[in-house]
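Here is the structure we will look at, set down as structure tokens.
No value in this document is a laboratory result; all are computed from the given coordinates. These numbers come from a predicted model, not from an experiment. Glycine gets a Cβ as well: all are built from the backbone with ideal geometry, and neighbour counts include every protein chain shown.
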Amino acid sequence: MFEQTFKNIDDILHKDAGCSSELDYVEQTSWVLFLKYLSDLEEDRRTKAELVGKEYEYLIGKQYRWEVLAPKTKDGKIDHQKALTGDDLKDFVDLKLFPYLKKFRTDAVSADTLEYKIGEIFSELKNRMQSGYNLREVINRIDELRFRTSAEKHEMSHLYESKIQNMGNAGRNGGEYYTPRPLIRTIVKVVAPELGQKIYDGAVGSAGFLCEAFEYLKEQNKNRSTAQDKILQTKTFYGKEKKSLAYIIGTMNMILHGVEAPNIIHTNTLAENLADIQEKDRYDIVLANPPFGGKERAEVQQNFPIKTGETASLFLQHFIKILKAGGKAGVVIKNTFLSNTDNASVALRKQLLENCNLHTVLDLPGGTFTGAGVKTVVLFFDKGAPTKKVWFYQLNLDRNLGKTNALSEKDLADFVALQKTKADSENSWTIKIKDIDPTTFDLSAKNPNKKEEAALRQPEEILEEMKALDEESADILKSILDLI
């Protein structure tokens, strides 16, 4: 039912003049979905309060609650006599509801509260639906959804992830929002965060890394106490995101996964001077897929000891700096980082190898990221001790990856199994840092164990074939001359 509802909403938005792409569909679905989620959350809280004899104080004022957008008859259906529609509904949403919700940010006690997140989300977006009649239809569809049981919330989070994936496949800049979930789950497994550690993604996007880390920690700590649950909810996951739409989607995705007030800040991570990062600002775990290929302005580059316009290289410096001593990281980066010869790349590889133990490099095939024509690697490193040796694993698949043939966890199972002991295999090998060129710190992933391709023919054999072809050509030419 949920899946069909989402499809119907897309069909409605497709007809609206204010929505032109999958990116707009996700954004507009998100804010209406968020209001319905808040309504169900408040009803759950009210029920819990009543069970212990307390009166629940609603976050949202009565005249702005979901029941105003979707008034009901006694039998629980939408009351079309009372429900606003057309220009009346659009004016209510644009001129009353949004300004009211924006104020939550200034009225909130602190930034780690749900009230603050409500205010921040509605400060970052606007209603793009130009037709109040289309808006009415979207509200009616979303009213059919429920967020009351764990199963319902799980299904909703799963469907929302699918929406994000579609957005990532939609071209334009959608790809930057989506890292394949099998890859994220594998990275989380290898890094293996523990309850009580602070986990950080400075390029949070749709918050896939934080959501999967949340699921992993829940699975690893099924019998957690109330105190541990509070730590998991409020003191475990942290992120920063520069772009408004990604910020909204990332926050919404975490909320749908069950983190009520995500610690995600809307800011440009790279605008922070590395020299200003203190011990209190550091994290135990970094999980990230920073944007690559972007070019940051000269004033942003001044925040970094190693000056470069390559966004991913600036992020890597940030991640190394913001990790605690003993902290662990799993970071996706372009595979050219391993071998680029420019001064910044060489200096950054040197810094990484001298300050961190780069213990594992996962070399991914082309097509891992749908629509992105770059090859990538995952760097796994621990901060605090220099690298002595690096274990490489080259993911060689017997098929080409793409939209209809995506990466799966099964594809990565051999990597996860071998990584535990860092064993050599047809696809894996180890290099010692003392054996690499100390002037370039080149870490190119060259697999010495890969089976040789079919042997090349001997030169004599090639020359014999060339001679035979020459003789054949001469015979044909002679035949033509005889005919003239």
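Karplus-based coupling profile of the stretch 157-162, in residue order and whole Hz: 5, 5, 5, 5, 4, 5, with θ = phi - 60° in 6.51 cos²θ - 1.76 cosθ + 1.60 and x standing for Gly or Pro.
Report the local net charge at ASP363: Lys and Arg +1, Asp and Glu -1, summed over other residues whose C-beta lies under 14 Å from its C-beta. Overall, the nearby charge balance is +1. Taking 22 Å as the straight-line reach from the Cα of LYS102, the lysines in range (excluding those fewer than 8 positions away in the same chain) are LYS36, LYS62, LYS90, LYS117, LYS126, LYS240, LYS242, LYS243. Taking θ as phi - 60° and the Karplus parameters 6.51, -1.76 and 1.60, the scalar couplings of the stretch 43-52 work out to 5, 4, 5, 5, 4, 5, 5, 5, 4, 9 Hz in sequence order, x denoting glycine and proline. Per-residue 3J(HN,Hα) values for the stretch 281-291, derived from phi via the Karplus relation 6.51 cos²θ - 1.76 cosθ + 1.60 with θ = phi - 60°, read 8, 8, 10, 7, 9, 10, 10, 6, 10, x, x Hz in sequence order (x marks Gly and Pro). For the chain, adding -39500 (n - 2.57) for each run of n ≥ 4 DSSP H residues and dividing by the number of residues yields -14000 deg cm²/dmol at 222 nm.
How much of the calculated P(r) for the stretch 150-484 lies past 33 Å, in percent of all Cα pairs?
When every Cα pair of the stretch 150-484 is considered, 33 percent fall beyond 33 Å.
Long-range amide H contacts for GLY327: which residues qualify at under 5 Å (H placed 1.01 Å from N, peptide plane, sequence gap of 5 or more or a different chain)? The list, which skips near neighbours in sequence, is LYS383. For Cα pairs less than 8 Å apart in space and 6+ apart in sequence, what is the mean separation divided by the residue count of the chain, i.e. the relative contact order in percent? Result for the chain is 11 percent.
The Cβ shell under 11 Å around TYR25 holds other residues with a net charge of -3, Lys and Arg each +1, Asp and Glu each -1.
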